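Only one structure is covered here, and it is reproduced in the block below.
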Amino acid sequence: MNLLLIPLFAICNRCRGDKGWLPPIGKAGAMITLFYLLYPSYIISSLAAAFYLLGQSCGWGWWIGPLVGTPNKKKVAGIREIISHDIVRRIFPEGSLWYCRLALALIGLWWWLPVIACFHLSWSTVVAIVICSIGFPLSFEVSKNWEIGEIIYGAIQGLAIYLIV
């Protein structure tokens, strides 16, 4: 049953995404429901959904754009993005594909660390966080399409959560 929820994560991530049509209350309700179906605790599910929604941020297009072959959408915006930008630009030239990949992986880490930690801490939790972190840039680079990348990344999110519950 839980394995069947992976496609629902894909759909929810697309609805939440760049041009998603769900209003904030709809996003919250959908994520609480998904997390509850995987881990039947209202408190844990609500907390995980809150961290999931707080983890969204603007400015990802700065790094996603080059991976899907479109110009950068926006400049770096939030505090996590600024921190990631400062770390990564010391390693790779700004705007290079490796700069974009590593910056998105760090954003995936900041986004999913508190969400997955809600369930429990173990080696499977670490593996799930790494999957979500690496899966973020990989989903867009493989798809070469923003919308399909969101669907692929949603499936990766669902798989990572499935591995720990």
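Coordinate-derived values only; no laboratory data. Computed from a prediction, not measured in an experiment: that's the story for all the values here. Note that each Cβ is placed from the backbone with ideal geometry, even for glycine, and that neighbours are counted across all protein chains shown.
General remarks:
- Between helix 146-164 and the chain: long-axis angle, C-alpha atoms, 0 to 90°, nearest 10: 50
- Peptides 137-145, 106-114 ordered by packing proxy, namely the average of other Cβ atoms within 10 Å per residue, highest first: 106-114, 137-145.
- The chain - Kirkwood radius from inverse mean 1/r over Cα pairs (Å): 15.8
- FRET efficiency, Ala50 to Val130 (Cβ-Cβ, R0 25 Å, nearest 0.05): 0.65
- Whole-Hz couplings from phi, Karplus 6.51/-1.76/1.60, listed for the stretch 45-50; x for Gly and Pro: 5, 5, 5, 4, 5, 4
- Efficiency of FRET from Cβ geometry, Val142 and Ile87, R₀ 35 Å, rounded to 0.05: 0.90
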